[in-house]
1. Which value at 222 nm does chain B reach when only helices count, each DSSP H run of 4 or more adding -39,500 (n - 2.57), with the total divided by all residues and rounded to the nearest 500 deg cm²/dmol?
2. Measure out, as a whole number of angstrom, how far apart the alpha-carbon centroids of region A:20-99 and region B:193-219 sit.
3. Just to check I understand the Karplus step: with θ = phi - 60° and J = 6.51 cos²θ - 1.76 cosθ + 1.60, what whole-Hz values come out for region A:97-106, glycine and proline as x?
4. Taking every DSSP beta bridge that has both residues in region A:99-196, what percent is antiparallel when rounded to the nearest 5?
5. Could you tell me which GluC sites (Glu not before Pro) in region A:79-153 are loop residues by DSSP with no more than 15 other beta carbons within 10 angstrom of their beta carbon?
6. What does the C-alpha gyration tensor say about the overall shape of chain A? Classify as rounded when a/c is under 1.5, otherwise prolate if a/b is larger than b/c, or oblate.
7. Among the lysines, which fall within straight-line cross-link reach of A:K65, defined as a Cα-Cα distance under 18 Å, with same-chain neighbours fewer than 8 residues apart omitted?
8. What residues qualify as long-range amide H neighbours of A:M350, i.e. H under 5 Å apart, gap of 5 or more or another chain, H built at 1.01 Å from N?
Amino acid sequence: MNVAVLKTKAEQALSEAFSGAAAELPGSSEIRKLRLDAMGRFGALGLPHRRVEEWKYTDLRNLVKEVLPAPAASKGVSVADIEAALGALAGLEAHRVVFVDGRYEPDLSALVANEDVSAASLATLLDNDTSAVELLDVSGRDDDAVLALNTAYAADGSVVDIAPLATLDKPVLLVFVRASETPAFVAVRNVLRVGEGAIATVIEAHVTLPKAARDFQLNAATKVIVGKGAKLGHVKVALEAGGGVHLSNWLTELGPDADYAGFHFTASTGLARNQVAVTFAGEDARIDLSGAFLAREGQHIDTTLVVDHAVPKCVSRELFKGVLEDHARGVFQGKVIVRPDAQKTDGKQMAQVLMLSPDCEFDSKPELEIYADDVVCGHGSTSADIDDDLVFYCRSRGIPEAEARALLIESFIGEALEKVEHEGLRDALGELAHNWLRRIEPARSVA
Amino acid sequence: MLEIKDLHVKLADEDREILKGLTLTIPKGEVHAIMGPNGSGKSTLAYVLAGRDGYEVTSGDILWDGESILEMEPEERAAKGVFLAFQYPMEIPGVAGFTFLRTAVNAVRKARGLPELSTPDFMKFVKAKAERLNINTDMLKRPVNVGFSGGEKKRAEILQMEVLEPTLCVLDETDSGLDIDALRIVSDGVNSMRSPERAMLVITHYQRLLNHIVPDRVHVMVDGKIRKSGDASLAKELEKSGYAEYQSKAA
Ligand SMILES: Nc1ncnc2c1ncn2[C@@H]1O[C@H](COP(=O)(O)OP(=O)(O)OP(=O)(O)O)[C@@H](O)[C@H]1O
Ligand SMILES: [Mg+2]
């Protein structure tokens, strides 16, 4: 790699801001060194651009022209504000852990640690726990510039531990609230550790207060370790509303016989990149990665998956459904690697979009890299418009055209939502999709 | 009253005339039947009444309650009381029957200036009607018509008709695909809706249906036109003689 690349203004700003920010960031000297190394890697890599294969359709260097400062101190965010911002998710019975502009807010949170589950603040652990370095460490993924930035800048996040054999009574809901009235850059790092045989659902919800600035930059990464025989439902809901940039990275490692269902619900983020990398570390594990993305105007939502079948007899399923209006753009990249040893792998992938305007764009790039011979793998991708005959059928029953179309789009999305096992959450996501299609904005209608 | 006046309809994207000067009047309170050979334009007439795209009315008019409906959107017609039970009901994957019915009923009520029904009221309203049509409420939790048998789809159409309370009911071959018991159940449903406020048009190939739903008038449609009209006995005649006589006339 040529190190002497011409730095863009944004890249320069990120490097320069780091020296100022570093002193404020939590962590021991060992962690400081980790951050500094990460920043060094970022300096060499720069922001990913279209000539980097995995970023072909999402040219970050071109899309992110400047770097936003740290958030303005937010004052007096109340539980009621959070409820309003959560909209349909507010009614969910959950262990709630709240972050405002990336900072843990114990007073707004309602997770009582018990023998089954705990959620600690990353900042606290980094400052006090010498073994915390592994929380930030992402070795093996050194070529990911966005992740390097996350390692360098992550100030806080949630470290959720679920005890072996525990079955959680309700989901853990990590709420990331955007409150800053000035455009801000926030980096969070979460770690989910699910003990052997445990069963849990963890939700990451990214929401916005009505007064928050339209513009924002979020860099969020979650490390997930699912133990032997454990079962995790992991759902991210991005509802930031506004023109901002949402960069998300999930790094999931599955033990033998583990069961992981990851789901991304993304609506109306200016620019979103949802990256999921799953590594099978033990045989007989199963993953189901699914999601729904809804974009209009000039919004751009990118889903990039890398599923690495490193061991035999694992099953992977991917189903992503998107709705694109106006001149929105959807990107789906699904890479499935089946290593030479990974015999009896069973992988299926599908991406489907409804293109509701002649100006929208969908780029789909499935990539199967199969090095084993006894495997069953398949992929597909479709893009279509709504079936006019069905629209007429609805209208002949008195349903106005716009409502008929919304109903049909909802049913299209519904097939992906079906993948969410938790019923209350599934219903809430259905309501969010329903509102999005009818342009009802939850945060604003309550305020 | 439904008044169809010298209606000429062609396919929108083909130069082919399907309805060739069709005239038909159905006063409120009456049930009329249309019989006719395959391809004579019966379903086309039904679709044009409901406002489906793909057809072009080149001349003539359709008045319902004295008002031309030709320029109205399908949903406006539904609000005015027009209902078509489809010859081939459509499947809507992912939309539960209850959701679909509630959306439709409330849309129509809103357009008619009536308050929306609350969910419990709506459920009561639908369940009573579903029971009479022998429709299991579990079926209504499933997506609209998906995985329904042919006969189940036809019964589901009648349920939609009953809950939407239309004043002009057009039934396109609702009897085909029904077993003997279902035919009776559906006919009872239709008969229970006969009222001085309602006009009904029943399209069928079989006289048997007309034993259950006894029509006030029977019309024979051949090649896009009504060729003969008569009372209920005309259906019995057709059963014996077929359409040969009318087809030669048309040619
Ligand atoms: N959308 C369409 N595109 C092409 N041809 C059409 C269309 N709609 C109707 N037709 C043609 O118009 C003619 C009349 O069709 P229609 O379905 O109205 O007949 P029908 O009387 O209902 O027949 P059946 O008894 O078989 O139901 C047929 O020849 C049919 O092929
Ligand atoms: Mg027909």
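Read-outs throughout are calculated quantities, based only on the coordinates presented, and are distinct from any laboratory measurement. Bear in mind the structure is a predicted one, so any value in this text is a computation, not a measurement. Heads up, the Cβs are rebuilt from the backbone with ideal geometry, glycines too, and the neighbour counts pull from every protein chain shown.
1. -11500 deg cm²/dmol
2. About 69 Å separates the Cα centre of region A:20-99 from the one of region B:193-219.
3. For region A:97-106, the Karplus-derived couplings read 10, 10, 10, 10, 6, x, 10, 4, 10, x Hz, x marking Gly and Pro.
4. Details: 7 of 14 bridges.
Given both bridge residues lie in region A:99-196, the antiparallel proportion sits at roughly 50 percent.
5. A:E93, A:E115
6. It comes out rounded by the Cα gyration axes.
7. A:K7, A:K9, A:K56
8. For A:M350, whose amide H was placed from the backbone, the distant partners under 5 Å are A:E318, A:L319, A:F320, A:G380.
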